Amino acid sequence: MIYKTKGVCSQAIEFEITDGKVHDIHFVGGCDGNTKGLAKLAEGMEVQEVIKRLEGIRCGFKPTSCPDQLAHALKEAVQ
């Protein structure tokens, strides 16, 4: 799936969901080291666990963040 992000530096998030787990996460743009680290940490985790841990995280004064956008993307994917 490709999710177009909103309100953050990255433009999109690409990922796959297999058997309720998230795989192959790749952020297009954004803070390279942070998004790569986030992708590695979330790799293979249950979708609902990733959403629970990341939803609501803010980046500075922005109302969202790349982790929050990943949570939004996963929520949209499993609806």
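The values are calculated or read from the model by the stated rules, or taken from the named source; none is laboratory data. Quick caveat, the model's predicted, so the values are computed rather than measured. Glycine also receives a Cβ, built like all others from the backbone with ideal geometry; neighbour counts cover every protein chain displayed. We work out accessible area using only protein heavy atoms, side chains counted, and drop any ligands, DNA or RNA first. Shrake-Rupley method; radii C 1.70, N 1.55, O 1.52, S 1.80 Å.
Rounded to the nearest 500, what is the 222 nm mean residue ellipticity of the chain from helices alone, with -39500 (n - 2.57) per DSSP H run of 4+ residues and division by all residues?
Taking each H run of at least 4 residues, the total per residue is -12000 deg cm²/dmol.
How high is the relative contact order of the chain? Use alpha-carbon pairs under 8 Å, at least six apart in sequence, and give a whole percent.
26
Would you kindly find the accessible area of Cys31, with a 1.4 Å probe and non-protein molecules such as ligands, DNA and RNA excluded, rounding to the nearest 10 Å²?
Rounded to the nearest 10, the figure is 80 Å².
Under Stokes-Einstein, with the Kirkwood radius over Cα pairs standing in for Rh, what whole-number D in µm²/s applies to the chain at 20 °C and 1.002 mPa s?
177
Given +1 on the Cβ of Lys and Arg, -1 on the Cβ of Asp and Glu, and no further charges, what dipole in debye does the chain carry about its Cα centre, rounded to the nearest 20?
360
Express the accessible area of the chain per residue in Å², computed with a 1.4 Å probe while the remaining protein chains stay in the model.
Here the per-residue accessible area is 61 Å².
Summarise the accessible area of the chain (1.4 Å probe, protein heavy atoms) by the percent that is carbon and sulfur.
Accessible surface attributable to carbon and sulfur in the chain totals 55 percent.
Which residue, Ser65, Ile13, Gly37, has the largest displacement toward the positive end of the dipole of the chain when charges sit on each Cβ (Lys, Arg +1; Asp, Glu -1)?
Going by the charge dipole, the pick is Ser65.
Given +1 on the Cβ of Lys and Arg, -1 on the Cβ of Asp and Glu, and no further charges, what dipole in debye does the range 30-71 carry about its Cα centre, rounded to the nearest 20?
Charge dipole, the range 30-71, about its Cα centre: 160 debye, nearest 20.
Of the candidates Asp68, Asp32, Asp19, which one comes out as most mobile in a Gaussian network treatment of the chain with C-alpha springs shorter than 10 Å?
Greatest mean-square fluctuation among the candidates belongs to Asp19.
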